[in-house]
Amino acid sequence: MSRGTGMRATVRYRLDPPPPPGEPTLTDAVGEVLVNSDDEIVVETRRGVVRIPRDLVVATRIIPPKPQRRGVVGGSLAPLELHRAVADGWPAMTTDSLGDWLLRASRGFTGRANSVLPVGDPGLPLIPALDAVEAWYAARHLPANLTIAGPVGFDPAADPVGAAVLARGYVVSDPSLFLTADAAEVSRELSDAATQTVAAVGDSVSVELGDELTEVWLAAYGGYRSGDREEIHAVMTGSPAQRFATARADGTVVGVGRLGVSGDWAGIAAMWVDPAYRRRGLARAMMRELASAAPDLGASRLHLQVWAHNAPALALYERIGFRRHHAYVNAVTSG
């Protein structure tokens, strides 16, 4: 059995049940082969995941890798491959491996730091692999949590892992969008953000960038996001490199943001602006400082995650150069 092969193929197979007389009896599935076993071939196509029983397969043909999507940074990477590539940008307190799968736990602080990236071969059939995942999280008094990813608008039930966890009663989160961008492009788009911010808020505003997690930054972030100090500190300072943006007005912290590096990627996260100072350019000013710092840390590409229903934030990010790479949900054990 092979899972997560990375191979692309055309699979021709018989329709079952057969169509009415006179209609084609064969069809093709074109895309990445997710599973190639004695029982079935599972192909991720543009319309979703197709499961083909082996006895219906007529012919297969290997095809060249899909070219990078024009205008999408990292477009040659499959969704979960990209999640794996950037994992160190939001590091977990504890990590483990189940075959190729990455298991992460951080005492429940954020979904990303407490979820499985089921990319590649877990080294076990799917159901025993899920049993092992649940046991690993249960030992840490946490619910099992798996990241399921696909094209924007995808159906988690069409994914093999998604279908299996839904059958076990997992609850699926609202979808998030994974956005990517070129760091230099974002910096150019935001080149006048600091000037706009001063004009909108007043001369008393300032945005500072540092490499240390300060008490004032931590207090501001902890004021809107739950988690104990040890959890937050471990995740925020655990990347190979990170930078912290702090916005002040009249000496008071009114905004924070973080940049975390993972290889050639830098992730912008932990963005918060005091409600009294929103829509005045502070988020743009902080993002400019963070994006500008990425190349100095060896990262030329940016990523961030946003709820799919957060239209204002999505509009801002797309205006400054981010594009939609894929969507994802978290499937979590209920109860």
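Here are the numbers for this structure:
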{"read-out": "Residues located in region 306-332, provided they are among the polar types (S, T, N, Q) and open to solvent by 40 Å² or more (accessible area, probe 1.4 Å)", "value": "Asn310"}
{"read-out": "Matching residues, region 37-52, being over 22 Å from Gly153 (Cβ atoms) and either open to solvent by 60 Å² or more (accessible area, probe 1.4 Å) or outside any strand (DSSP E or B) (or both)", "value": "Ser37, Asp38, Asp39"}
{"read-out": "Members of region 269-289 found to be part of a strand (DSSP E or B) and either open to solvent by less than 10 Å² (accessible area, probe 1.4 Å) or in contact (Cβ under 8 Å) with a residue 40 or more places away in the chain (or both), listed by number", "value": "Ala269, Ala270, Trp272"}
{"read-out": "Identity of the residue in region 103-126, within 15 Å of Ala139 (Cβ to Cβ) and in contact (Cβ under 8 Å) with a residue 24 or more places away in the chain, that ends up most open to solvent (accessible area, probe 1.4 Å)", "value": "Arg107"}
{"read-out": "Matching residues in region 127-149 - criterion: being over 18 Å from Leu34 (Cα atoms), among the hydrophobic types (A, V, I, L, M, F, W, C) and open to solvent by 20 Å² or more (accessible area, probe 1.4 Å)", "value": "Ala132, Ala135, Trp136, Ala138, Ala139, Leu142"}
{"read-out": "Filter pass, Val86 being in contact (Cβ under 8 Å) with a residue 60 or more places away in the chain, under 18 Å from the mean Cα position of the chain (by Cα) and open to solvent by 40 Å² or more (accessible area, probe 1.4 Å)", "value": "no"}
{"read-out": "Region 232-257 residues that are over 12 Å from Ala270 (Cβ atoms) and without any contact (Cβ under 8 Å) to a residue 60 or more places away in the chain, paired with ones that are of a type in the set (Val, Ile, Thr) and open to solvent by 50 Å² or more (accessible area, probe 1.4 Å) (beta carbon under 7 Å, 6 or more apart)", "value": "Val253/Val216"}
{"read-out": "Residues of region 23-32 that turn out to be at pLDDT below 85 and surrounded by 12 or more Cβ atoms within 10 Å (Cβ to Cβ), as a count", "value": "2"}
{"read-out": "Sole exception among (1) in contact with a strand residue (DSSP E or B) (Cβ under 8 Å, 6 or more places away or on another chain); (2) open to solvent by 60 Å² or more (accessible area, probe 1.4 Å) for Asp100, by number", "value": "(1)"}
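The values are calculated or read from the model by the stated rules, or taken from the named source; none is laboratory data. Small disclaimer: the values here were computed from a predicted structure and weren't measured. No Cβ is skipped: glycine too gets one built from the backbone with ideal geometry, and neighbour counts run over all protein chains shown. Surface accessibility is based on the protein's heavy atoms, side chains included, excluding ligands, DNA and RNA. Shrake-Rupley method; radii C 1.70, N 1.55, O 1.52, S 1.80 Å.
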